[in-house]
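Accompanying notes for the structure given below.
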Amino acid sequence: MKILVSVKRVVDFNVKVRVKPDGTGVDLGNVKMAMNPFCEIAVEEGVRLKEQGIADEVVVVSIGPKACQEQIRTAMALGADRGIQIETDQELDSLAVAKLLAKVVEEEQPGLVILGKQSIDSDNNQTGQMLGALTGMPQGTFASEVNLVEGKVEVTREVDGGLQTLSLNLPAIVTTDLRLNEPRYASLPNFMKAKRKPLDTKSPADFGVDISPRLKTLKVEPPAERQAGIIVGSVDELVEKLKNEAKVI
Amino acid sequence: MRILVIAEHDNVTLKGATLNTVTAAAQLGDDVDLLVVGDNCGGAAEAAAKISGVSKVLVADNAAYSHKLAENLGSLVTELASGYSHVLAPATSTGKNFMPRVAAALDVAQISDIIAVESADTFKRPIYAGNAIATVQSSDSVKVITVRTTGFDAAATDGSAAVESLDKVTDAGISAFVKEELAQSDRPELTSAKVIVSGGRGMGNGENFSMLEQVADKLGAAVGASRAAVDAGFVPNDMQVGQTGKIVAPELYIAVGISGAIQHLAGMKDSKVIVAINKDEEAPIFQVADYGLVADLFDAVPELERQL
Ligand SMILES: Cc1cc2nc3c(=O)[nH]c(=O)nc-3n(C[C@H](O)[C@H](O)[C@H](O)COP(=O)(O)OP(=O)(O)OC[C@H]3O[C@@H](n4cnc5c(N)ncnc54)[C@H](O)[C@@H]3O)c2cc1C
């Protein structure tokens, strides 16, 4: 079985971003960029399925500017076999990303597509589900466990009330939650090896997909800041303040 | 403007998130229909009819909808959507699961997690773990929206809408329910609790969470956790608060042994009053806390419980 994994280049999760003074976006000049943490988990899951002999090839795809080749190389250093970059400098809606991925699915015919459940920049949580609707595939979102059994995939999902397990026909879509696995670190020799793995570059036009945005960002502003509070000296003082000052207990 | 809201429920009762979503819908226009999709969901439909501001309750009651499979829910809502200018669902794990399928099937973008309605096509939503708020405008014919419930008050429940049943059944037959393990608790739900006591890695183990439960019992509070506490296996995943867990905004949030990482703050910093108990005075949680107590939690929490 072939596995397709999509990865996104985003700001590193440790960075506290700042809004640009002119309100047009967040300042990404000179900040560390990295693979979206959920995408890393997706790559790891694909590679593990290959190591278990369930998958025979892991293909990684990223859509974005030239720099996202870095994340594709990282995925290959982690064990993916080859990469596809769809190059665009435009910021894409999740719908456009899903449409491009649907074309890649059509070409590659994977048995399983693994994506992160959300990217930590736009926090949309949409792409995997949209890809499901566009390709007619079933989905197991927010996965904390994935098992292939008898020609189907069983996915345990983290839902608001606890855990839910579904059985999906293949081909299927899985989106990863944080507890699915703990991604490995790529070793230097593996980074060197990854440089020799094939990476195909395409453009949205190659797929004939209209990527014009449906959503326009009018303004980006910082959230309301909280007033700094006080340090209390004791539990007594804390309880007194909560009762008489904040009046919340 | 005709607005369709998809109700969140467990067949018997309606979840509070539905009420906040109706409030968001009412800001868009006054023709709001509510869709209850489930299996033996008469109880939920009855409760839905009482929500003020709802014109009509549509009920799709069928075994195909018993476990809210995204494929089946998605295609039903897609079929119904054409008559509406807006389709809204709460940004719960159910709403997040099926709504993007609806959007893609309609060939429209989705606007996730809105916290404010600016106009019929313009909305505010947090990005970058809540470190920025974007105002976005949609040019699509149908707006598919998930609603962050902490951004909107709950609608009142003194209405009496007409109830209409739908006989349309959409069963894609490509996914099936296997099992579920749902947390059983007599405490209020995290997302609607007025008070939350949360524990982090500093709790040390799962047994120590009983200290927080005792405080919670006295305050009528829910118990939450950081990701580190969930990952370490102290408590189950449904207790996680944060960017990728539950978003909460109670009257009082007490963070115990939680450092205050960006991703945790993203889920609780809109709480009215925040208390932090941490032995490290440098912990970032103190920067958002109204009342900070620098102390060992194993001394402070039992003491707090005694004083309540
Ligand atoms: C993509 C992504 C998404 C994430 N999503 C979330 C999310 O939704 N929610 C979330 O919470 N995290 C999330 N995280 C993880 C987050 O970055 C932090 O790792 C996590 O919140 C830390 O949890 P903690 O504060 O319990 O642990 P720590 O950071 O280890 O803090 C423990 C604290 O306990 C204090 N402590 C220890 N012992 C005691 C004692 N005896 N008395 C008093 N204080 C004590 C310490 O001083 C310390 O401040 C996410 C991370 C990533 C990469």
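Laboratory data are not the source of any read-out in this text; all were calculated from the coordinates shown. The shown structure was predicted, so the numbers you read here are calculated from the model rather than taken from an experiment. Please note: Cβ atoms are built from the backbone with ideal geometry, for glycine as well, and neighbour counts cover all protein chains shown.
Numbers for the structure displayed
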quantity: Breaking point among (1) touching a helix residue (DSSP H, G or I) at 6+ places or on another chain (Cβ under 9 Å); (2) within 7 Å of chain A (Cβ to nearest Cβ); (3) outside any strand (DSSP E or B); (4) among the aliphatic types (A, V, I, L, M), for B:ALA289; calculated: (1)
quantity: Looking only at the stretch B:213-251, and only at residues there that are near the ligand (Cβ under 7 Å from one of its atoms) and of a type in the set (S, T, N, Q), the one that is nearest to A:GLY161 (Cα to Cα); calculated: B:GLN240
quantity: Among the residues listed as B:ALA105, B:ALA91, B:ALA120, the single one being within 28 Å of B:GLN243 (Cα to Cα), facing chain A (nearest Cβ under 9 Å) and in contact with a strand residue (DSSP E or B) (Cβ under 9 Å, 6 or more places away or on another chain); calculated: B:ALA91
quantity: Criterion (surrounded by fewer than 18 Cβ atoms within 10 Å (Cβ to Cβ), more than 30 Å from B:THR135 (Cα to Cα) and within 12 Å of chain B (Cβ to nearest Cβ)) met by exactly one of A:GLY136, A:GLY151, A:GLY140; calculated: A:GLY136
quantity: Matching strands (runs of 3 or more DSSP E) fully within the stretch B:129-207 where at least 1 residues are within 10 Å of chain A (Cβ to nearest Cβ); calculated: B:132-138, B:143-147, B:175-182, B:195-199
quantity: Residue that is surrounded by the fewest Cβ atoms within 10 Å (Cβ to Cβ) [pool: residues in the stretch A:78-99 that are in a helix (DSSP H, G or I) and in contact with a Leu (Cβ under 8 Å, 6 or more places away or on another chain)]; calculated: A:LYS99
quantity: Among residues of the stretch B:178-212, those that are of a type in the set (S, T, N, Q) and either surrounded by fewer than 17 Cβ atoms within 10 Å (Cβ to Cβ) or away from the ligand (no atom under 16 Å from the Cβ) (or both), counted; calculated: 5
quantity: Residues of the stretch A:1-49 satisfying the condition of being in a helix (DSSP H, G or I) and buried (at least 19 other Cβ atoms within 10 Å of the Cβ); calculated: A:PRO37, A:PHE38, A:CYS39, A:GLU40, A:ILE41, A:ALA42, A:VAL43, A:GLU44, A:GLU45, A:GLY46, A:VAL47, A:LEU49
quantity: Candidate set from the stretch B:263-284 (those that are within 7 Å of the ligand (Cβ to nearest atom) and of a type outside the set (Gly, Ala, Ser)); member that is farthest from B:PHE209 (Cα to Cα); calculated: B:GLN263
quantity: Leading residue by the ranking (farthest from the ligand (Cβ to nearest atom)) among those in the stretch B:289-305 that are under 18 Å from A:LYS241 (Cα atoms) and crowded, with 22+ Cβ neighbours inside 10 Å; calculated: B:ASP290
